[in-house]
Amino acid sequence: MKEGAPADLFISASQKWMKKSVEDGIVDEADQRPFLNNEVVMIRNIKAADMKLADIKDGKDLSLGAESVPVGGYTKKYFEQTKQWDAIAKDASFEPKVTDVVQKVAEGARNYGLVYQTDANSEIKKGTIAVCDKIPEDSGIQVIYPIGITKKAENRKAAEAFEAFLSEGTARDVLEDVGFVYVK
């Protein structure tokens, strides 16, 4: 969008990127708001032993999102808080997309990973992975997806209507079914 790609509505998986879009003049502060919540969960390959976040001593069997993607930033922040980051970062595999983390764990290339609950759900249904822990709510790490209408929206009324559509009826049911929680 900063380079000129057309967009009427922006939904970000990170408050950081919405803040950046406001700073860059892409979205007006008044035209954005918190929209959805998600959770970062620890997944395991269905054949791997159950484990908790506190049990992780190194990254040898761990797949994480790269720091440049939102889930990777949340993960790094948590492991820095718990003083585990230095030991984990040495040997973990870092993936460019959260779906790559899910696939690595589902295929058994790594036994554990940290991903969004919403990304884990499809593989959970297939029976290839399970959730074994999650970043605790009291960590202060909130996964909030903000939504905002862009300043260059070609059809503001349609963008407003689509934003409303995403918050009600069938669209709301679908988003909740995959694991999102609406911000009140």
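The values are calculated or read from the model by the stated rules, or taken from the named source; none is laboratory data. Every value quoted in this text rests on a predicted model; they were computed, and no experiment measured them. Cβ placement follows ideal geometry from the backbone for every residue including glycine, while neighbour counts extend to all protein chains displayed. These accessible areas exclude ligands, DNA and RNA; they are computed on the full protein's heavy atoms, side chains included. Shrake-Rupley method; radii C 1.70, N 1.55, O 1.52, S 1.80 Å.
One table, with the values for the structure above:
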{"quantity": "Residue check for Gly113: in contact with a Phe, Trp or Tyr (Cβ under 8 Å, 6 or more places away or on another chain), within 24 Å of Ser12 (Cβ to Cβ), of a type in the set (Gly, Ala, Ser) and at pLDDT 95 or above", "calculated": "no"}
{"quantity": "Which listed residue is in contact (Cβ under 8 Å) with a residue 12 or more places away in the chain, part of a helix (DSSP H, G or I) and open to solvent by 50 Å² or more (accessible area, probe 1.4 Å), from Thr170, Thr99", "calculated": "Thr99"}
{"quantity": "Answer residue from segment 64-90, given it is in contact with a Pro (Cβ under 9 Å, 6 or more places away or on another chain) and surrounded by fewer than 19 Cβ atoms within 10 Å (Cβ to Cβ) and is nearest to Gln103 (Cα to Cα) among those", "calculated": "Ala66"}
{"quantity": "Lone qualifier among Glu23, Glu67, Glu39 - being more than 19 Å from the chain's Cα centre (by Cα) and under 29 Å from Gly148 (Cβ atoms)", "calculated": "Glu23"}
{"quantity": "Inter-residue pairs, beta-carbon under 7 Å, first of a type in the set (S, T, N, Q) and in segment 54-67, second buried (at least 19 other Cβ atoms within 10 Å of the Cβ) and at pLDDT 95 or above, 6+ apart", "calculated": "Ser63/Ala92; Ser63/Glu95; Ser63/Val101; Ser63/Lys104; Ser63/Val105; Ser63/Arg110; Ser63/Gly113"}
{"quantity": "Given (1) over 23 Å from Ser68 (Cβ atoms); (2) of a type in the set (A, V, I, L, M, F, W, C); (3) open to solvent by less than 40 Å² (accessible area, probe 1.4 Å), number of the condition Ala106 does not satisfy", "calculated": "(1)"}
{"quantity": "Residue list for segment 121-143, restricted to those being at pLDDT below 95, among the aliphatic types (A, V, I, L, M) and surrounded by fewer than 18 Cβ atoms within 10 Å (Cβ to Cβ)", "calculated": "Ile141"}
{"quantity": "Whichever residue in segment 14-25 is open to solvent by less than 30 Å² (accessible area, probe 1.4 Å) and touching a strand residue (DSSP E or B) at 6+ places or on another chain (Cβ under 7 Å) and, among such residues, is nearest to Ala164 (Cα to Cα)", "calculated": "Met18"}
{"quantity": "Residue match in segment 122-142 (condition: among the basic types (Lys, Arg), touching a residue at least 24 places away in the same chain (Cβ under 8 Å) and part of a helix (DSSP H, G or I))", "calculated": "no"}
{"quantity": "Check on Glu29, open to solvent by 80 Å² or more (accessible area, probe 1.4 Å), over 24 Å from Ser139 (Cα atoms) and touching a helix residue (DSSP H, G or I) at 6+ places or on another chain (Cβ under 6 Å)", "calculated": "yes"}
{"quantity": "Test: residue in segment 42-59 that is open to solvent by 40 Å² or more (accessible area, probe 1.4 Å) and of a type in the set (Val, Ile, Thr)", "calculated": "yes"}
